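Values in this text are rule-based calculations from the coordinates and carry no lab data. Since this is a predicted model, take the numbers as computed values, not measurements. Every residue, glycine among them, receives a Cβ derived from its backbone with ideal geometry; neighbour counts consider all protein chains shown.
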Amino acid sequence: MQTFAVIPARGDWLAAAASSRVTLVLLALLAAGIGATYALDADVTFALSAPLGLLALNLAAAIAANPVFRRNTALLVFHLALLALVVLAAAGRLTYLKGQLELAEGEVFNGQLTQSEAGRWHRSQLERAQFANEGFTIRYEKGVNRAETRNGVRWLDDNGALQRAVIGDINPLVLHGYRFYTSSNKGFAPVFVWHPTGGALRRGTINLPSYPVHEYRQALEWQLPGTNTTLWTMLQFDEVLLDPEQVSQFRLPEKHNLVVRIGEARHELAPGESISLPQGMLVYERLSTWMGYTVFYDWTLPWLFAACLLAVASMAWHFWQKCAAQPWDGDA
Amino acid sequence: MNAELQLLWLALMLYTLAGSTAIAAAVLAKRPERIILAVIVIGLAAHTVSLGLRWERLGHGPFITLFEILSSNVWSLLAIYALAYWRVPAVRPAAVVVMPVLFLMMAWLLVTSSVAGHFPPTYRTVWLYVHLLFGKVFLGTVLVAVGVAGLILLRQAGLRVASLTQLPDDVRLEYLAFRFIMVGFIFESLMLVAGAIWAQDAWGRYWAWDPLETWAFATWLLLAFFIHLRVTVRLEPWRSAALIWAVFVLAFLTFFGVPFVSTAPHKGAV
């Protein structure tokens, strides 16, 4: 049996910091922190960072002070890999980005996220990760259970050459370290053309609430660009698009109307129809779709993976040495 | 009843026969070990065909519903125990502990609905298979350790049947159980790594402290604590055995409890 309990004296502070009994206390503290965070549904960062930081110090002190690590390379590599994991996890936490965005069909991502959270030291380079949504197909199994999502995207690579790919589900688009994933959020996007009086024409979309999650809430309030006019817009159709009784596919309704309310006035628009307003003319061009994406950035991912592999491989090596030294039915 | 369920029933009956024989043999101090192993292997063969037929019918492996997860784990736990039973004769007496644990799982399986569930598109990745393979090996090796640890606890409780008194001393049994725990620790670590890679692709993050991840990490932490404790202080064998049982209980809840009470997208694939 290998023991860590006896550590040569290189100063009381190092011996105390390297104590494996301290390790046990810190492991228990880490478990308690995780348990408390889980039970209280609180932010896990502090509950983890304090015991993990102390564990890292304890581990570093043990590696420095305990001769067993110099005698046993596998054990040394395992604990160094663990140390690397803690450092990398901390670095990742300080520099990560997690966010969400929505793109209508044909729209180019301009770096703007609808929601995001980031580490304190994250320097956004999202503006470099431009891509366009070229539309999607989603198959549904019976019971409106979402199956495969296939989303066409295009972007310009570093040489300015046009690239195309189909992403979806477990296949993200990776641009400049940012990983873009299709999400379950997607829906209908009416395309409008706004001709302001004396101004330049503007084409744009509004992204209605996610479909089919908000099947009965396909309405949105929005503001005409450059005006104070607020419009309430609702998509109306009678078809069953996703039949729970059979396999189906996300598609646009064959016939639909768009209800637009401006103040007390109510309009029903078919594609190509327009509304004249004092500030200009609003044309409802057609119905399109939008796709919701999540974006994730963490430069430490490949290093974390390498550290994990190294940790597991060296641990297996260490255990193999222990087990191979004696038969399985042998004495301790 | 279709062939799939008939074969499952046949397998469960054979497992029950093997387990009952092992318990009776322990009480009567007999050693029909070859017969027990043969019955388990025939049961595993029937169970394998049953799982294969279901896989073929549904187009996906047994990783979605509680029925599928229980069935595939009864299969994998028995396959790993049978392998250990064959290769490491010292774990054979542990059948008196291992088989009753599996009886409980089989009883649970019999009262669980066999209706198919939805196979999410995020499960169509090789990492799912890697993740669950490591998970099954982890739980299997811990179950073998639990069986050996159970023998120590039975002796500690004062049970004096002949087959228990003929076993090696507690220190040797504890070391044998610890070896399986070490193997389990490696596979649990691999399971977490493979799961993180899958989660990165499936949900755009490698770790989010969802209930299943939290419980799986708590199990890893308890294993790490146990291994560290064992090399730090000289543990009495019965205390070590009790800790091995604690690891198993935590792992069991992680595998078969948390995925079915959690509302997170991360459901029981193992």
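Taking each of A:Lys142/A:Lys255; A:Lys322/B:Lys30; A:Lys98/A:Lys142 in turn, the alpha-carbon distance tops 27 angstrom for A:Lys322/B:Lys30; A:Lys98/A:Lys142.
How far is helix A:301-324 tilted, in degrees, relative to the longest principal axis of the Cα atoms in chain A, given as a value from 0 to 90 rounded to the nearest 10? In chain A, helix A:301-324 runs at an angle near 30 degrees to the longest axis.
With the biggest extent put first, the Cα atoms of chain B measure 54, 49, 28 Å across the principal axes. Once both labels are positioned 7 Å from their Cα atoms along Cα-to-Cβ, the gap between B:Leu28 and A:Ala324 label points is 4.4 nm.
Using every pair of alpha-carbon atoms in segment A:261-332, split the distances into 10 Å bins beginning at 0 and state the percent of pairs per bin, rounded to integers. Over segment A:261-332, the share of Cα pairs per 10 Å bin runs 13, 19, 12, 10, 9, 11, 9, 9, 8, 1 percent. Between helix A:20-40 and chain A there is an angle of about 20 degrees, using the helix long axis and the longest principal axis of the Cα atoms.
Mean projected area of the Cα convex hull of the protein assembly as shown, taken over all directions, amounts to 33.8 nm².
I need the Kirkwood Rh of segment B:1-99: take the reciprocal of the average 1/r across all distinct C-alpha pairs and report it in angstrom. Over segment B:1-99, the inverse of the mean reciprocal pair distance is 14.0 Å. Starting from 0.36 nm per residue, how many nanometres of slack lie between A:Trp303 and A:Asn145 once their C-alpha separation is accounted for? Here the answer is 53.3 nm.
For B:Thr112 and B:Glu236, the difference between the fully extended length at 0.36 nm per residue and the C-alpha to C-alpha distance is 40.7 nm.
Here the label points at A:Arg128 and A:Trp232, each 7 Å from Cα along the C-beta direction, are separated by 4.7 nm in the simple model.
Here is how the number arises for chain B: DSSP H runs of 4 or more residues each give -39500 (n - 2.57), the sum is divided by the residue count, and the result at 222 nm is -26000 deg cm²/dmol. Think of segment B:109-195 as a dipole: +1 on every Lys or Arg Cβ, -1 on every Asp or Glu Cβ, centred on the Cα centre; then among B:Gly184, B:Ser114, B:Leu167, B:Ser114 lies furthest on the positive end. Based on every Cα atom in segment B:120-270, Rg and the maximum pairwise Cα distance Dmax equal 17.2, 57 Å. Distance from the Cα centroid of segment A:126-178 to that of segment A:37-88 is 38 Å (rounded to whole angstrom). What per residue convex hull volume, in Å³, do the alpha-carbon atoms of chain A yield? Expressed per residue, the convex hull around the Cα atoms of chain A is 234 Å³.
For chain A, relative contact order (Cα pairs under 8 Å, six or more residues apart, normalised by length) works out to 19 percent. Would you mind getting me the FRET efficiency between A:Gln223 and A:Ala28? Use the beta-carbon distance for r and R0 = 51 Å, nearest 0.05. Calculated transfer efficiency: 0.35.
Normalised by 2.2 N^0.38 Å, with N the number of residues, the alpha-carbon radius of gyration of segment A:63-197 equals 1.55.
Starting from the Cα gyration tensor of segment B:55-214, take the square roots of the eigenvalues, sort them a ≥ b ≥ c, and report rounded, prolate or oblate (rounded when a/c is under 1.5, otherwise prolate if a/b is larger than b/c, else oblate).
On the way: a/c = 2.69, a/b = 1.78, b/c = 1.51.
Since a/c reaches 1.5 and a/b is larger than b/c, the shape of segment B:55-214 is classed as prolate.
Partner shielding of A:169-175 amounts to 4, given as the average count of beta-carbon atoms from other chains within 10 Å of each residue beta-carbon.
With N counted as the residues of segment B:72-158, its alpha-carbon radius of gyration over 2.2 N^0.38 Å works out to 1.31.
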